[in-house]
2 protein chains.
Amino acid sequence: MKEYRVGILGATGAVGREMMKVLAERKFPISELRPLASVRSVGKKISFEGTEVSVQEATENAFDGLDIVLGAAQNAIAKQFAPAIKAAGAVFVDNSSAFRLNPDVPLVVPEINPEDVALHHGLIANPNCTTIISLVAINGLRKASQIESIIASSYQAVSGAGAAGPIELQDQIHALCCGGPININTFQYQIACNVIPQIGSEAFEGYTSEEMKLQNEGRKIMHLPEMRVSCTCVRVPVMRSHSVSLLVRTKEKISVQKARELIASAPGCRLVDDIANKIYPMPLDTSDQDLVFVGRIRDDLTSDNGLNIWCCGDQVRKGAATNAIQIAELVTAL
Amino acid sequence: MKEYRVGILGATGAVGREMMKVLAERKFPISELRPLASVRSVGKKISFEGTEVSVQEATENAFDGLDIVLGAAQNAIAKQFAPAIKAAGAVFVDNSSAFRLNPDVPLVVPEINPEDVALHHGLIANPNCTTIISLVAINGLRKASQIESIIASSYQAVSGAGAAGPIELQDQIHALCCGGPININTFQYQIACNVIPQIGSEAFEGYTSEEMKLQNEGRKIMHLPEMRVSCTCVRVPVMRSHSVSLLVRTKEKISVQKARELIASAPGCRLVDDIANKIYPMPLDTSDQDLVFVGRIRDDLTSDNGLNIWCCGDQVRKGAATNAIQIAELVTAL
């Protein structure tokens, strides 16, 4: 079996660390793991499959000899090193949003459009976390009808802001409980015991960058250039799993019963839908897992061909690290 | 100036206590305040306008001589005592959901349908908290067009479960911070660092009782029997203010600019809508106040005549106690 030399760009962040965990869990065939980060992390030891691996500095020459680079860094870093990764002959699976809408770059959710991986020119983009979780939840419906529009309100965990997010929420909870100042560095305002209806900055007619991703990335992933999406993204004081309240309108009517069957058999989904017995997806139950949990499926009361759907998924795993490793697995199978 | 003898049924709960606070703040003309509760609270002292008032037992005879009874008790208690309140000749302004959809009972949000108070036969119902907050937020739009449908996802504070809600969240926060068991009594599951997509029990085709209120009560309050509403109600770890993500569809197109003007001048609303400067409603900023705060107004991207709107309001005040006192004020003006 072929083994691969794998680099992680941004190895010390929350997603980078989770990528290493998922690589080990999924027994990705690795001959060399090379964690790369900024100069201030150089020499840090990261544990990988029982050995300690030293973080190296991400420089133009750091990618030599690698087969695959998993990107877990911000847009600017991804843009800075993409040419060097390409020059080194490695395939770059990038979790930043820098290249997602580039027509030459496949944007892939392996449960939805795995075939697009084959179209890559050295760079494959990993979609936005809320987009991945929402689309995996509803993808099964497409066996019955085309999706025409989505109305989404999100309940996004603090992990979406990187490693600093959960630390800030934890610190604020400590301050609320035991006294001390409420320190605000990562989010716009206090997030403990609050919700903040802003993720990202303004991007399009009052919508934030985060809110436009479900439409812009969703169209590309699902090959539905006409799909219309209205999204409201909200940060909530939850550690890791994102939740999304979705209203999905389809071309033909899909009954609740049929929707349940389609979602239950869709890859990457688990149906948990029994309100009478208090069974539905919640962040606490769905963290540290790769499945997207789906429930609260109801007929839309405002249109003929709509379904209300509630879903939860771990933002760091399926929303980022696991999806990227799944893409890397598809790359190795090409 | 005429003064009124006012009873509070359920005086020791969160809403009952807030009602007394609001009566004092608004200088409601009172000659006697009579706090009524179950036998186990009898003799408790409640402070009202500088004096201590003793809680009396709610019995069939406890309403004699009262002009107005403010109901802050559960449905069963409201139903039990409604005949005695009527027999005593008092007007019953009831916050429970027991009578809201009764055709003989006006259901009133004073900013929207104050004229309905005059139709009462001794009983006026106070609407559901999420319904009040959502409808006050969008009522101004009706000057430009009829509202046809609403799609709502709520972010509801723990105060909606009564006095025990905030205590449970506070206790769970303490346990998360300092150790100890996570006790779950009031909510279905742990609410700290979680969100729970169930408020109320199943009522209609997978929708909960809480989720059906915005349609059923909204139709009656707005005199729009055809209005269609799809609602998803979610509990979040926030102490007091409810937030709602609304998509409002109107018969004629209303521009974002026009919507902002209409909402800014609507009674009971404050427009806080400037995403570029991080200005939008949040629970922490809107608690302990009577206004509904409205922002994040955007064109719906999935239809021609829709607007996305985000609103927050204090669930205990405008969502319950203040709205009831406003109704009582209208009663005194009849």
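Exposure proxy check: B:K45, A:K44 ranked by fewest other beta carbons within 10 Å?
Ascending number of Cβ neighbours within 10 Å: B:K45, A:K44.
How tilted is helix A:164-178 with respect to the longest principal axis of chain A? Cα atoms for both, answer in degrees (0 to 90, nearest 10).
Rounded to the nearest ten degrees, it is 70.
Picking from A:K258, A:K86, A:K278, which is most flexible by a Gaussian network model of chain A using Cα springs under 10 Å?
So, out of A:K258, A:K86, A:K278, the one fluctuating most is A:K278.
For label points placed 7 Å from Cα toward Cβ, what is the shortest-first list of nm distances from A:K2 to its copies?
8.9
Calculate the length of the line joining the C-alpha centroid of the stretch A:1-44 to that of the stretch B:1-66, in whole Å.
66 Å
Using a 10 Å cut-off around each Cβ, can you sort B:M19, B:M282 from fewest to most neighbouring Cβ atoms? List each step's numbers first, then the result.
Numbers: B:M19 32, B:M282 26.
Arranged by neighbour count, lowest to highest, B:M19, B:M282 become B:M282, B:M19.
Determine, for A:H174, B:H120, the number of other Cβ atoms within 10 Å of each Cβ, and report the residues in order from fewest to most.
Ranked by crowding around the Cβ, least crowded first: A:H174, B:H120.
Distance cut-off 27 Å, Cα to Cα: go down the list B:K220/B:K318; A:K213/B:K278; A:K27/A:K278; A:K21/A:K44; A:K27/A:K213 and report the pairs above it.
Among B:K220/B:K318; A:K213/B:K278; A:K27/A:K278; A:K21/A:K44; A:K27/A:K213, the Cα-Cα distance tops 27 Å for A:K27/A:K278; A:K27/A:K213.
From the backbone phi of the stretch B:154-160, what are the Karplus-calculated ³J(HN,Hα) couplings (6.51 cos²θ - 1.76 cosθ + 1.60, θ = phi - 60°) in whole Hz, Gly and Pro given as x?
For the stretch B:154-160, the Karplus curve yields 9, 10, 9, 6, 6, 4, x Hz.
For the stretch A:94-160 and the stretch B:142-214, what is the separation of their Cα centres, given in Å?
What the calculation gives is 30 Å, centre to centre.
Scale the Cα Rg of the stretch B:131-315 by the rule-of-thumb value 2.2 N^0.38 Å and send over the ratio, two decimals.
Ratio of Rg to 2.2 N^0.38 Å for the stretch B:131-315: 1.07.
Which distances, in nm and shortest first, link the A:N185 label point to the same label point in every other copy, taking 7 Å along Cα→Cβ?
Spelled out, the distances from A:N185's label point are 3.8 nm.
Rounded to the nearest Å, what's the spacing between the alpha carbon centres of the stretch A:225-298 and the stretch B:275-302? Just the number, please.
26 Å
Charges at C-beta only: +1 for Lys and Arg, -1 for Asp and Glu. How large is the resulting dipole of the stretch A:131-315 about its Cα centre, in Debye rounded to 20?
I would put it at about 460 debye.
How far apart are the B:K251 label points across copies, placing each 7 Å from Cα toward Cβ, in nm, shortest first?
The answer, with the shortest distance listed first, is 3.3 nm.
Nearest 20 debye, what's the magnitude of the dipole of chain B about its Cα centre given +1 on Lys and Arg Cβ and -1 on Asp and Glu Cβ?
The dipole of chain B has a size of about 240 debye.
FYI, it's all coordinate maths here, none of it is from the lab. The structure presented is a predicted model; accordingly, all values stated were derived computationally and were not measured. Cβ: placed from backbone, ideal geometry, glycine included. Neighbour counts: every protein chain shown.
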